[in-house]
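In what follows, a structure is listed as structure tokens, so that the remarks can point back to it.
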């Protein structure tokens with residue numbers, strides 16, 4: 001299927017999701033407490049079958065879900081995305097026992113997942129993480145058997161912390177080995193030695209820090225292979241980065257539609273605001289950039305689903321373009337609406353707060369440019385007659 005074309009069934013599904021977001025999910029989200037996990041909203045997402053779909057859909061379907069939900073209820077979109085981000089490593093790399101224990105509960109919304117990669121000094125540079133996994137002489141203390149470790153250190157800027165029920169945690173099992181010495185662990189929140197604290201952030205969902213004081217883990221808790229956890233992290237991010245772009249596109253589309261409606265009815269200078277060429281051209285630019293970002297997101301997701309080459313570069317391009325575009329579109333929409341857009345409760349006031357964070361999380365815009373450049377140079381053969 002060409003990346004720029006959706007089948008009628010997909011278009012109908014997106015329309016259904018936008019309706020569900022506005023009519024079923026938005027009323028639930030409005031009752032939630034900012035900065036806390038909205039378990040009622042997760043339960044509703046579970047009843048609608050959307051959380052289960054996280055584990056049966058490809059990258060393009062994930063993008064369509066996130067874009068469509070973001071159009072009508074950003075809180076529902078984020079709740080769904082965080083469940084997927086935290087649980088995807090379990091789905092993709094977990095043992096049968098790990099999957100049986102956690103994935104059904106994630107799918108029905110009764111268990112909250114979190115992806116614990118970032119640290120205070122290792123946010124953008126994920127390979128520099130310092131959370132230690134030291135060999136444990138008594139591995140049975142973690143409730144498992146065989147090889148064991150004790151986790152010591154901190155994680156920071158973790159979405160759904162400290163309220164999640166389990167964490168996908170990335171720790172250093174081989175000191176001095178860079179990205180080659182990291183292991184992914186599934187760590188239940190009630191594991192002894194694990195504590196967390198909330199951070200007061202510009203975010204409707206909880207973001208917190210985690211402290212690991214000799215937290216016991218065993219081979220039963222490893223996701224994938226020991227010392228190969230960086231692959232787990234990057235594989236997860238390559239899937240979810242285009243869908244971060246889809247989230248951004250959904251917000252941009254909502255801002256664009258609000259701006260079209262406002263400028264078409266707003267009286268100004270003896271006519272409608274839309275009659276002013278500067279305004280009309282601004283709206284055209286907003287639409288142009290939104291559609292370009294959407295197409296790049298769909299192309300990156302389709303490349304992932306098809307196993308095409310260059311997925312890290314495409315994923316980085318999609319996230320970069322879409323998040324930067326959404327920031328531009330929402331800001332332009334606020335400008336064209338004027339002071340009314342800054343009132344608490346206005347759609348654009350909400351989007352203005354929501355749109356900023358995606359340019360940072362799952363790799364800041366500057367990191368995405370670095371990935372793109374690295375991949376481009378890696379794909380470029382050296383000039384004839386020169387050694388590589």
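The values are calculated or read from the model by the stated rules, or taken from the named source; none is laboratory data. These figures come from a predicted structure and were not determined experimentally. Neighbour counts are summed over all protein chains in view; Cβ atoms, including those assigned to glycine, are modelled from backbone coordinates with ideal geometry.
For region 83-101, residues that are surrounded by fewer than 22 Cβ atoms within 10 Å (Cβ to Cβ) and touching a residue at least 24 places away in the same chain (Cβ under 8 Å) total 5. Among the conditions (1) outside any loop (DSSP other than H, G, I, E, B); (2) free of Cβ contacts under 8 Å to residues at least 40 places away in the same chain; (3) farther than 22 Å from residue 69 by Cβ, residue 332 misses just one, which is (2).
If a residue has to be assigned to a loop (DSSP other than H, G, I, E, B), in contact with a strand residue (DSSP E or B) (Cβ under 9 Å, 6 or more places away or on another chain) and closer than 30 Å to residue 290 by Cβ to count, how many in region 59-117 make the cut?
Within region 59-117, residues that are assigned to a loop (DSSP other than H, G, I, E, B), in contact with a strand residue (DSSP E or B) (Cβ under 9 Å, 6 or more places away or on another chain) and closer than 30 Å to residue 290 by Cβ number 1.
Any residue at all in region 313-335 that's more than 28 Å from residue 364 (Cα to Cα) and modelled with pLDDT of 95 or more? Within region 313-335, none of the residues are more than 28 Å from residue 364 (Cα to Cα) and modelled with pLDDT of 95 or more. With respect to the stated conditions, residue 37 fails to be crowded, with 16+ Cβ neighbours inside 10 Å and either in the same structural domain as residue 203 (by TED's automatic domain parsing) or in a helix (DSSP H, G or I) (or both). Return yes or no: is residue 284 surrounded by fewer than 14 Cβ atoms within 10 Å (Cβ to Cβ), part of a helix (DSSP H, G or I) and touching a strand residue (DSSP E or B) at 6+ places or on another chain (Cβ under 9 Å)? No: the conditions fail for residue 284.
Among the residues making up region 350-366, those that are within 30 Å of residue 340 (Cα to Cα), in contact (Cβ under 8 Å) with a residue 24 or more places away in the chain and not in a helix (DSSP H, G or I) are 355, 356, 361.
Identify, by number, the condition in (1) more than 18 Å from the chain's Cα centre (by Cα); (2) under 20 Å from residue 239 (Cβ atoms); (3) buried (at least 21 other Cβ atoms within 10 Å of the Cβ) that residue 310 doesn't meet. Going through (1) more than 18 Å from the chain's Cα centre (by Cα); (2) under 20 Å from residue 239 (Cβ atoms); (3) buried (at least 21 other Cβ atoms within 10 Å of the Cβ) one by one, residue 310 breaks only (3). Screening residue 332 with (1) over 29 Å from residue 125 (Cα atoms); (2) touching a strand residue (DSSP E or B) at 6+ places or on another chain (Cβ under 9 Å) gives one miss only, at (2). Every condition in (1) part of a helix (DSSP H, G or I); (2) over 24 Å from the mean Cα position of the chain (by Cα); (3) surrounded by fewer than 18 Cβ atoms within 10 Å (Cβ to Cβ) is met by residue 369 except one, and the failing one is (2).
Is it true that some residue in region 194-206 is surrounded by 22 or more Cβ atoms within 10 Å (Cβ to Cβ), at pLDDT below 95 and either out of contact with any helix residue (DSSP H, G or I) (no Cβ under 9 Å at 6 or more places or on another chain) or part of a helix (DSSP H, G or I) (or both)? Yes, region 194-206 contains a residue that is surrounded by 22 or more Cβ atoms within 10 Å (Cβ to Cβ), at pLDDT below 95 and either out of contact with any helix residue (DSSP H, G or I) (no Cβ under 9 Å at 6 or more places or on another chain) or part of a helix (DSSP H, G or I) (or both).
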